[in-house]
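Asks: Can you read through this structure? Questions will come right after.
The values are calculated or read from the model by the stated rules, or taken from the named source; none is laboratory data. If you're wondering where the values come from, they're calculated on a predicted model, not measured in any experiment. Neighbour counts run over all protein chains shown; Cβ positions are idealised from the backbone, glycine included.
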Amino acid sequence: MSTSAQRPYRVLVSKIGLDGHDRGSRIVAAYLRDAGMEVIYTAPWQEVQALVRMASDEDVDLIGISSLATDHLLLPKLLEALRAADLGDLPVVVGGIVPDEDEQALIEAGVRRVFHPGSSRDEIVSTVAALAAEARIQRKTESF
Amino acid sequence: MRRQPSQLPLPGFDQARAEWRRAYGEQLPEERPIFNRSGIEIAPLYTPEHFSDERYMDALGFPGHGPMTRGIYPSMHRGRAWSQRQLIGLGVPEDYNRRLKRILASGGTAVSLIPCNSVYRGLDADQVDPLLLGTCGAVVNTVDDMDACFADVAVDELSTAMNDPLPFTLLALLLAVSDRRGIPWTKLTGTSNQSDYISHFVANHMFFRIALPGSRRILIDHIEFTNRHVPGWNPVSVVGQHMQQAGATPAEAMAFTLCTAVQYAEDCIARGMDPDTFLPRFTFFFDISISFFEEIAKFRAGRRIWARIVRQRFGARNPRAARFKFHAQTSGVDLTRQQPYNNIARVTAQAMAGIFGGLQSLHTDAYDEVLSVPTEHAARIAVCTQNILREEAQLGDVIDPLGGSYYLEHLTNETEALIESLIAKVDDAGGMYRAVETGLVQTMIGESAMRFQARVDNGEQTVVGVNKYRLEEDSDARASLKRPSPEKIEAQLESLRQYKKGRDSAAVQRALETLTRVADSENENVYAALVEATIAGATHGEVVAVLRREMGDGEPLIVP
């Protein structure tokens, strides 16, 4: 395994759209940091394009989006913008208030995982680590 | 537990206490101490050694009088039940109007208006992604929109609470509607909810902000303006709810709210305003968590401290100034997605704590708020919960019914001391404005949020259905509310286009120029200029854009 594979995982934790409730995203950021990951934490209200640039500049392994007040509806646009920027392999997960009937649509659009309220620390950390690891392997394979 | 002799004139007290302690210790030899959410240790039993009647007049007195502990009005809920103020707002103005009329038909007189998140961000409908329009509140940008919200409704016969963060464009639109209908502003009553800009900087939530110094000025301009021209309006609702939802303990939320109110009062005094005039129009808004006795103690302690502050710090003599009027909302953070019907039980307990705490107005959360924007079915259960507590359980029959409980009085005193120590900390940091500018308050709240979450994670704090009593198959129904259709949103956007075409653009232009000039000036009332611009036809997004440009955007004060 190369040294780059042993670098801690880098995760972008953010909020897009119009809402700013950030208790959940702060707690998740702390969970991931405590688990040894590098977290790039942004102010809420990010624009989709700004987030894509940040993901690319910061060379992150995963994007976590927190949503409370329907901003998750913008996620398909984020995934589309990532694909357009050649970052289609970057896993995107979402946590927060996501109604059941929206969850299926988000998964179909390419969101890798929806964390609902009450998700445990272990579940979040292990899922993020597994998805980030998978993304790294994929990117390495592609670069050969 | 206390060790010293009780010194109470109760024959046999000391001996009986010693015997009870021995027996208690036999049953529970190794007991772990119990703390409430604010960190106060909770004893297994409270007796007259914790609170005795000799202190009655100093600590409790009578409702509407003296220390105010027992309530702010002489007759409290017996004279006038608390207002049932459910938050409503979704879709376009016509949707709001339909739901409003249903609430009024069922006897409601206190209503709320929750605008769309795009409004909170200071934007008109044509400035945001249409996907998000009307998904969390009503799209209200123009005087036509506001007129449609209140179509066939007498705005002067209602008490209207509007979620109308600074710079208070919704009130400006309501004033413009009143002009249109020939209703004098002096007949309007209601509250500018979300007027507390400091709380928006503390807990990010959804509100857009104008940079702190500009926000500070606009709020005081707004208070001055409404005191003079809309005297029945409460221009300030100081909010502890955001802070507690963001993770503050109940005691912290109360302390920081009182500090914020002190800051606003000092700013008004610095402007030359009279505390006896502006303080009676101050209102408060709190969260009610499920920590039952702790919440009751929080409200009683807060009421007592505020009465003292008003008299001692500000020298107010008007008895109405010492009234700690508050609205409260049951805590959304306590609700669970797992087994969502359990939330009805949680909301009931929270509401009871608020009622026993002596609130003036109550919003009970719908059980499905953790799943989506509430459905009408769930919202109705939330309203009925209040009806049941008031008219079947008869919780309003006796004023401060838990007053005199050894436990509650002791807890009220301990909570009061804790709140006072937190207030002193903020005072030492130079007051609330400064403490938020430097991030002191945000850091404390962030730490409390993490501490609480750690207790949930390690199982010390039970959350039914989440870390205990879980079900393999969770089959509770999870309906969620229909969002407005794309056609409806397109029609709303079209009405905005038509509105802009139909108005006197030269007059709007002139009014916006005046607003720009006033925003740059030092001593003219910027809110008066904003109201003028709105009456001239400017939209919400247009006036906000001017103020953002002239006064600066409020950057989130994020603690890393």
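Asks: Using the structure shown, decide if B:M243 is in the same structural domain as B:M450 (by TED's automatic domain parsing), buried (at least 24 other Cβ atoms within 10 Å of the Cβ) and modelled with pLDDT under 95.
Replies: On the way: in the same structural domain as B:M450 (by TED's automatic domain parsing): yes; buried (at least 24 other Cβ atoms within 10 Å of the Cβ): yes; modelled with pLDDT under 95: yes.
Yes, satisfied.
Asks: Checking the condition aliphatic (A, V, I, L, M), more than 12 Å from chain A (Cβ to nearest Cβ) and surrounded by fewer than 24 Cβ atoms within 10 Å (Cβ to Cβ), which residue from B:L158, B:L166, B:L131 passes? It would help to see each step written out before you state the result.
Replies: Numbers: B:L166 fails: surrounded by fewer than 24 Cβ atoms within 10 Å (Cβ to Cβ); B:L131 fails: more than 12 Å from chain A (Cβ to nearest Cβ).
That would be B:L158, the only listed residue that is aliphatic (A, V, I, L, M), more than 12 Å from chain A (Cβ to nearest Cβ) and surrounded by fewer than 24 Cβ atoms within 10 Å (Cβ to Cβ).
Asks: Quick one: which of A:V98, A:V111 is closer than 23 Å to B:G332 by Cα and either without any contact (Cβ under 8 Å) to a residue 40 or more places away in the chain or surrounded by fewer than 21 Cβ atoms within 10 Å (Cβ to Cβ) (or both)?
Replies: On the way: A:V111 fails: closer than 23 Å to B:G332 by Cα.
On inspection, the qualifying residue turns out to be A:V98.
Asks: Could you please find all residues in the stretch A:86-95 being aliphatic (A, V, I, L, M) and either within 20 Å of B:G332 (Cβ to Cβ) or at the interface with chain B (Cβ under 10 Å from one of its Cβ atoms) (or both)?
Replies: Residues of the stretch A:86-95 that are aliphatic (A, V, I, L, M), as a first pass: A:87, A:90, A:92-94.
The answer is A:V94, and nothing else.
Asks: Yes or no: B:M76 out of contact with any Pro (no Cβ under 7 Å at 6 or more places or on another chain), of a type in the set (A, V, I, L, M, F, W, C) and over 30 Å from B:A491 (Cα atoms)?
Replies: Working: out of contact with any Pro (no Cβ under 7 Å at 6 or more places or on another chain): no; of a type in the set (A, V, I, L, M, F, W, C): yes; over 30 Å from B:A491 (Cα atoms): yes.
So B:M76 does not fit the description; no.
Asks: Among B:F293, B:F256, which is the only one that is in the same structural domain as B:L402 (by TED's automatic domain parsing), touching a Ser or Thr at 6+ places or on another chain (Cβ under 9 Å) and either part of a loop (DSSP other than H, G, I, E, B) or surrounded by fewer than 24 Cβ atoms within 10 Å (Cβ to Cβ) (or both)? Write out each step before concluding.
Replies: Working: B:F256 fails: either part of a loop (DSSP other than H, G, I, E, B) or surrounded by fewer than 24 Cβ atoms within 10 Å (Cβ to Cβ) (or both).
B:F293 is the lone residue from the list that is in the same structural domain as B:L402 (by TED's automatic domain parsing), touching a Ser or Thr at 6+ places or on another chain (Cβ under 9 Å) and either part of a loop (DSSP other than H, G, I, E, B) or surrounded by fewer than 24 Cβ atoms within 10 Å (Cβ to Cβ) (or both).
Asks: If you go through the stretch B:447-456 one residue at a time, do you hit one that is surrounded by fewer than 19 Cβ atoms within 10 Å (Cβ to Cβ), assigned to a helix (DSSP H, G or I), away from chain A (no Cβ under 14 Å) and not hydroxyl-bearing (S, T, Y)?
Replies: Scanning the stretch B:447-456 turns up no residue that is surrounded by fewer than 19 Cβ atoms within 10 Å (Cβ to Cβ), assigned to a helix (DSSP H, G or I), away from chain A (no Cβ under 14 Å) and not hydroxyl-bearing (S, T, Y).
Asks: Further, regarding this structure: Can you tell me which of B:F299, B:F356, B:F324 is within 28 Å of B:V398 (Cβ to Cβ), among the aromatic types (F, W, Y) and more than 15 Å from the chain's Cα centre (by Cα)? Break it down into steps so the answer makes sense when it comes.
Replies: Details: B:F299 fails: more than 15 Å from the chain's Cα centre (by Cα); B:F324 fails: more than 15 Å from the chain's Cα centre (by Cα).
Answer to the selection: B:F356.
Asks: Another question about this same structure. Taking the stretch B:35-55, which residues are outside any loop (DSSP other than H, G, I, E, B) and at pLDDT 95 or above?
Replies: As a first pass, look at the stretch B:35-55 and keep what is outside any loop (DSSP other than H, G, I, E, B): B:35, B:41-42, B:53-55.
Answer for the stretch B:35-55, where residues must be outside any loop (DSSP other than H, G, I, E, B) and at pLDDT 95 or above: B:F35, B:E41, B:I42.
Asks: Restricting to the stretch B:286-311, what's the tally of residues that are farther than 12 Å from B:P67 by Cβ and either free of Cβ contacts under 8 Å to residues at least 12 places away in the same chain or among the basic types (K, R) (or both)?
Replies: 1
Asks: Taking the residues in the stretch A:114-138 that are of a type outside the set (G, A, S) and within 21 Å of B:V370 (Cα to Cα) as candidates, determine which candidate is surrounded by the fewest Cβ atoms within 10 Å (Cβ to Cβ). Walk me through how you get there before you give the answer.
Replies: Our first condition is that a residue be of a type outside the set (G, A, S); within the stretch A:114-138, this holds for A:114-117, A:121-125, A:127-128, A:131, A:134, A:136-138.
With within 21 Å of B:V370 (Cα to Cα) added as a condition, the list becomes A:114-117, A:121, A:123-124.
Working: A:V114: 20, A:F115: 20, A:H116: 18, A:P117: 20, A:R121: 19, A:E123: 12, A:I124: 20.
Here the answer is A:E123.
Asks: Quick one: in the stretch B:424-446, of everything that is of a type in the set (S, T, Y) and assigned to a helix (DSSP H, G or I), which residue is modelled with the highest pLDDT? Explain how you work it out, then say what you get.
Replies: From the stretch B:424-446, those of a type in the set (S, T, Y) are B:433, B:438, B:443; that's our starting set.
From what's left, assigned to a helix (DSSP H, G or I): B:433, B:443.
Working: B:Y433: 96, B:T443: 92.
Among those residues, the one meeting the criterion is B:Y433.
Asks: Given the residues B:G91, B:G71, B:G137, B:G79, which is the only one that is among the small types (G, A, S) and surrounded by fewer than 19 Cβ atoms within 10 Å (Cβ to Cβ)? Reasoning before the result, please.
Replies: On the way: B:G91 fails: surrounded by fewer than 19 Cβ atoms within 10 Å (Cβ to Cβ); B:G71 fails: surrounded by fewer than 19 Cβ atoms within 10 Å (Cβ to Cβ); B:G137 fails: surrounded by fewer than 19 Cβ atoms within 10 Å (Cβ to Cβ).
From the options B:G91, B:G71, B:G137, B:G79, the qualifying one is B:G79.
Asks: While we're here: Could you check the stretch B:426-443 and list, in sequence order, the residues that are surrounded by 14 or more Cβ atoms within 10 Å (Cβ to Cβ) and more than 23 Å from the chain's Cα centre (by Cα)?
Replies: Passing the criteria: only B:A429.
Asks: Filter the stretch B:334-361 for residues that are of a type in the set (A, V, I, L, M) and within 26 Å of A:G96 (Cβ to Cβ); which is farthest from the other protein chains (Cβ to nearest Cβ)?
Replies: Our first condition is that a residue be of a type in the set (A, V, I, L, M); within the stretch B:334-361, this holds for B:335, B:344-345, B:347, B:349, B:351-353, B:355, B:359.
Next, only the ones that are within 26 Å of A:G96 (Cβ to Cβ) stay: B:335, B:344-345, B:347, B:349, B:351.
Values: B:L335: 8, B:I344: 17, B:A345: 16, B:V347: 16, B:A349: 19, B:A351: 21 Å.
So, considering only residues that are of a type in the set (A, V, I, L, M) and within 26 Å of A:G96 (Cβ to Cβ), the one farthest from the other protein chains (Cβ to nearest Cβ) is B:A351.
Asks: Of all residues in the stretch B:527-558, which are in a loop (DSSP other than H, G, I, E, B) and of a type in the set (S, T, N, Q)? Don't jump to the end; show me each part of the working.
Replies: Filtering the stretch B:527-558 down to residues in a loop (DSSP other than H, G, I, E, B) leaves B:536-539, B:552, B:554-558.
B:T539, the sole residue that qualifies.
Asks: Being of a type in the set (S, T, Y), outside any strand (DSSP E or B) and under 30 Å from B:R300 (Cβ atoms) is true for just one of B:T226, B:T191, B:T186, B:T160. Which residue is that? Outline the logic, then answer.
Replies: Working: B:T191 fails: outside any strand (DSSP E or B); B:T186 fails: under 30 Å from B:R300 (Cβ atoms); B:T160 fails: outside any strand (DSSP E or B).
The match here is B:T226.
Asks: From the list A:V39, A:V52, A:V13, exactly one residue is of a type in the set (A, V, I, L, M), in contact (Cβ under 8 Å) with a residue 24 or more places away in the chain and farther than 22 Å from B:R451 by Cα. Which is it? Step through it out loud before you land on a result.
Replies: Working: A:V39 fails: farther than 22 Å from B:R451 by Cα; A:V13 fails: farther than 22 Å from B:R451 by Cα.
Going through A:V39, A:V52, A:V13 in turn, the sole match is A:V52.
Asks: I'd like the residue in the stretch B:168-183 that is under 21 Å from the mean Cα position of the chain (by Cα) and assigned to a helix (DSSP H, G or I) and, out of all such residues, is farthest from B:I220 (Cα to Cα).
Replies: Quick first cut of the stretch B:168-183, residues under 21 Å from the mean Cα position of the chain (by Cα) only: B:168-171.
Those left that are additionally assigned to a helix (DSSP H, G or I): B:169-171.
On the way: B:T169: 15, B:L170: 17, B:L171: 15 Å.
Per the stated criteria, the residue is B:L170.
Asks: Looking at the stretch A:88-130, which of the residues that are farther than 26 Å from B:V456 by Cα and part of a helix (DSSP H, G or I) is farthest from the chain's Cα centre (by Cα)?
Replies: Applying the filter and picking the extreme gives A:E101.
Asks: When you look at B:T191, is it over 25 Å from B:Q442 (Cβ atoms) and under 15 Å from the mean Cα position of the chain (by Cα), yes or no? Talk me through it step by step, then tell me what you get.
Replies: Numbers: over 25 Å from B:Q442 (Cβ atoms): yes; under 15 Å from the mean Cα position of the chain (by Cα): yes.
Yes, satisfied.
Asks: How many residues does the stretch B:388-409 contain that are within 22 Å of B:R304 (Cα to Cα) and either in a helix (DSSP H, G or I) or touching a strand residue (DSSP E or B) at 6+ places or on another chain (Cβ under 7 Å) (or both)?
Replies: Number of matching residues: 4.
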